[in-house]
Amino acid sequence: MDTLAVFDRTPTGLSEAKNDTGRTAFCGPYVLSAITGYPISKIEDIIRTHRLHPDGTPVKGTGSEDVAAALAHFGYGMTLKETYMTKPRKERPTLWTWMQKPRNVWKHYILAVHKGKEGHWILVKGVKMCDTYTEGRWTFVVDGPHRGARIMEVFEVGRKHDYA
């Protein structure tokens, strides 16, 4: 049983986000930390470098370019699988409706959803989700806070060699 302690990831392959900043972090770094297993401080350093702003301020308001660049730095790639940006907000599927559709349960999916008037990143793998509202812990989507959130875009994430 002690041999499991040497792994930094959980046996299910769902790594919790590691907020080592001592403050509240935002959704982009949380999602990236859960995928890569690296702490949020490291993720924010990579995003700031990508933005050419290495000033140490918290990373807020990440776009898909920021997320893709950080993933690439850690050997991951992401591809846009679905976009609903051309539809009016009320006609876009909710997270719960999207969960009913067939997809690869072994892949990570980063979803851009509406949360109030702003966009928000959440991470889904199988029937679980992770984001800032769960404080980086994996929870079942059915128990999560975003079941009714409207989806803007869906990105599939995998190791870089899967997208070469």
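The values are calculated or read from the model by the stated rules, or taken from the named source; none is laboratory data. Please read all numbers here as calculations on a predicted model, not as lab measurements. Please note: Cβ atoms are built from the backbone with ideal geometry, for glycine as well, and neighbour counts cover all protein chains shown. Areas reflect the complete protein model, heavy atoms only, side chains present, ligands, DNA and RNA absent. Shrake-Rupley method; radii C 1.70, N 1.55, O 1.52, S 1.80 Å.
Of all the residues that make up the range 27-55, how many are at pLDDT 90 or above and open to solvent by 70 Å² or more (accessible area, probe 1.4 Å)?
Going through the range 27-55 one residue at a time, the tally reaches 3.
Answer yes or no: is there a residue in the range 70-86 that is farther than 21 Å from residue 15 by Cα, buried (at least 16 other Cβ atoms within 10 Å of the Cβ), within 12 Å of the chain's Cα centre (by Cα) and touching a residue at least 40 places away in the same chain (Cβ under 8 Å).
no
Check 121, 138, 106 and return the single one that is under 12 Å from the mean Cα position of the chain (by Cα), of a type in the set (Phe, Trp, Tyr), over 16 Å from residue 82 (Cα atoms) and open to solvent by 10 Å² or more (accessible area, probe 1.4 Å). First the steps, then the outcome.
On the way: 121 fails: over 16 Å from residue 82 (Cα atoms); 106 fails: under 12 Å from the mean Cα position of the chain (by Cα).
Going through 121, 138, 106 in turn, just one is under 12 Å from the mean Cα position of the chain (by Cα), of a type in the set (Phe, Trp, Tyr), over 16 Å from residue 82 (Cα atoms) and open to solvent by 10 Å² or more (accessible area, probe 1.4 Å): 138.
This table checks each residue for (1) modelled with pLDDT under 95; (2) closer than 22 Å to residue 19 by Cβ.
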| site | (1), (2) |
| --- | --- |
| 136 | yes, yes |
| 144 | yes, yes |
| 151 | no, no |
| 158 | yes, no |
| 163 | yes, no |
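Does the range 13-20 include one or more residues that are at pLDDT below 90, assigned to a loop (DSSP other than H, G, I, E, B) and open to solvent by 30 Å² or more (accessible area, probe 1.4 Å)?
First, pick out the residues of the range 13-20 that are at pLDDT below 90: 13-15.
From the residues that got through so far, the ones that are assigned to a loop (DSSP other than H, G, I, E, B) too are 13-15.
Next cut, open to solvent by 30 Å² or more (accessible area, probe 1.4 Å) only: none.
No.
Evaluate the following for residue 58: is it of a type outside the set (D, E, K, R) and open to solvent by 40 Å² or more (accessible area, probe 1.4 Å)?
On the way: of a type outside the set (D, E, K, R): yes; open to solvent by 40 Å² or more (accessible area, probe 1.4 Å): yes.
Yes.
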